[in-house]
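The next block holds one structure in the form of structure tokens; read it before the comments.
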């Protein structure tokens, strides 16, 4: 039996590759810690007294104040779970609206043939580049005439009309990757477009649907501008607006309770993201988005 002895050149190259890989991992870990520092600092500050938050940049509190959480939970006009519930209502309605409307619009663009299809698809793509500040004034006038101001309808109903072009485009790319042979086989069995969409395309589009749900949850949960415009009654406030009320320009800001409630507000985002992470990766990888 002949044993191959590695040459000195191969051994040196292997050691160089291992050293390069080690330095790469060290650099990535260091960069990750730098990126995580603001989050860790916020969580650490939620356990500090207000006077110590900006005078001590360390992550270990000198004075441990867990009372910031109980104080922040009841500091506003309503308990903080009231604002979390309002945000969940808006987020839940937005997710359902985007999943239903954007998937149907995507199926139409990906599978149906109709006059003006290319033009409508181009217009849909152009809406992705349209900032919300351009349309917020006409939207406010429309919803004011409908007497919807200070309700959740202006934040949910547009989602039922496939107004998020990004998700329509994402699902179009995914559906285009599905074999058309499945549609033909279903059509031979007597299925129409509705049954093909519900029984074939929709079940196979689970990664794209999960990606849409995750991004919708994160974007709507963190949305401050639209919710600030349409919600004026403190009873209707969502989490972002409630957090803003901790900051008072005319009196002392309660930074400790603010950071405590901010840390709590991040919990649903992390939970929802971790629960659907594998679907998110599959959805992005299979829709042609790099």
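The values are calculated or read from the model by the stated rules, or taken from the named source; none is laboratory data. Fair warning: this is a prediction, and the values are worked out from it, not measured in the lab. So basically every Cβ, Gly included, is an ideal-geometry build from the backbone, and we count neighbours across all protein chains shown.
Restricting attention to region 67-75, does a residue exist that is within 29 Å of residue 238 (Cα to Cα) and part of a loop (DSSP other than H, G, I, E, B)?
Yes, there is a match, as at least one residue in region 67-75 is within 29 Å of residue 238 (Cα to Cα) and part of a loop (DSSP other than H, G, I, E, B).
Look at region 196-221 and say how many of its residues are touching a helix residue (DSSP H, G or I) at 6+ places or on another chain (Cβ under 8 Å) and either exposed (fewer than 14 other Cβ atoms within 10 Å of the Cβ) or outside any helix (DSSP H, G or I) (or both).
Residues meeting the conditions: 3.
Checking the conditions here, which among 105, 75, 101 is surrounded by 15 or more Cβ atoms within 10 Å (Cβ to Cβ), closer than 20 Å to residue 220 by Cβ and more than 20 Å from the chain's Cα centre (by Cα)? Break it down into steps so the answer makes sense when it comes.
Details: 75 fails: closer than 20 Å to residue 220 by Cβ; 101 fails: more than 20 Å from the chain's Cα centre (by Cα).
Within the list 105, 75, 101, the selection yields 105.
Results for (1) without any contact (Cβ under 8 Å) to a residue 40 or more places away in the chain; (2) over 20 Å from residue 69 (Cα atoms), shown as yes or no for each residue.
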{"residue": "14", "(1), (2)": "yes, yes"}
{"residue": "19", "(1), (2)": "yes, yes"}
{"residue": "31", "(1), (2)": "yes, yes"}
{"residue": "41", "(1), (2)": "yes, no"}
{"residue": "44", "(1), (2)": "yes, no"}
{"residue": "48", "(1), (2)": "no, no"}
{"residue": "52", "(1), (2)": "yes, no"}
{"residue": "55", "(1), (2)": "yes, yes"}
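When the residues of region 197-230 are filtered to those that are in contact (Cβ under 8 Å) with a residue 60 or more places away in the chain and farther than 19 Å from residue 163 by Cβ, which remaining residue is nearest to the chain's Cα centre (by Cα)?
210
Can we say residue 87 is at pLDDT 90 or above and under 23 Å from residue 218 (Cβ atoms)?
Spelling it out, residue 87 is indeed at pLDDT 90 or above and under 23 Å from residue 218 (Cβ atoms).
Within region 93-129, how many residues are at negative phi and in a loop (DSSP other than H, G, I, E, B)?
Residues in region 93-129 being at negative phi and in a loop (DSSP other than H, G, I, E, B): 5 in total.
When you look at residue 90, is it in contact with a helix residue (DSSP H, G or I) (Cβ under 7 Å, 6 or more places away or on another chain), part of a helix (DSSP H, G or I) and surrounded by 13 or more Cβ atoms within 10 Å (Cβ to Cβ), yes or no?
yes
For region 121-147, which positions are in contact (Cβ under 8 Å) with a residue 24 or more places away in the chain and under 22 Å from residue 234 (Cα atoms)?
136, 140, 143 - these are the residues of region 121-147 that are in contact (Cβ under 8 Å) with a residue 24 or more places away in the chain and under 22 Å from residue 234 (Cα atoms).
In the list 182, 112, 119, 142, which residue meets the criterion of being surrounded by 11 or more Cβ atoms within 10 Å (Cβ to Cβ), over 21 Å from the mean Cα position of the chain (by Cα) and over 22 Å from residue 94 (Cα atoms)? Before the answer, list the steps.
On the way: 112 fails: surrounded by 11 or more Cβ atoms within 10 Å (Cβ to Cβ); 119 fails: surrounded by 11 or more Cβ atoms within 10 Å (Cβ to Cβ); 142 fails: over 22 Å from residue 94 (Cα atoms).
From the options 182, 112, 119, 142, the qualifying one is 182.
Quick check on residue 241: is it under 22 Å from residue 270 (Cα atoms), more than 17 Å from the chain's Cα centre (by Cα), part of a helix (DSSP H, G or I) and touching a residue at least 12 places away in the same chain (Cβ under 8 Å)? Spell out how you get there, then give the answer.
Working: under 22 Å from residue 270 (Cα atoms): yes; more than 17 Å from the chain's Cα centre (by Cα): yes; part of a helix (DSSP H, G or I): yes; touching a residue at least 12 places away in the same chain (Cβ under 8 Å): yes.
Judged against the criteria, residue 241 is a match.
Check residue 33 against each of (1) at pLDDT 85 or above; (2) assigned to a helix (DSSP H, G or I); (3) within 33 Å of the chain's Cα centre (by Cα) and name the one condition it does not meet.
Every condition holds for residue 33 apart from (1).
Does residue 174 satisfy being surrounded by 12 or more Cβ atoms within 10 Å (Cβ to Cβ), outside any loop (DSSP other than H, G, I, E, B), in contact (Cβ under 8 Å) with a residue 24 or more places away in the chain and within 22 Å of the chain's Cα centre (by Cα)?
Spelling it out, residue 174 is indeed surrounded by 12 or more Cβ atoms within 10 Å (Cβ to Cβ), outside any loop (DSSP other than H, G, I, E, B), in contact (Cβ under 8 Å) with a residue 24 or more places away in the chain and within 22 Å of the chain's Cα centre (by Cα).
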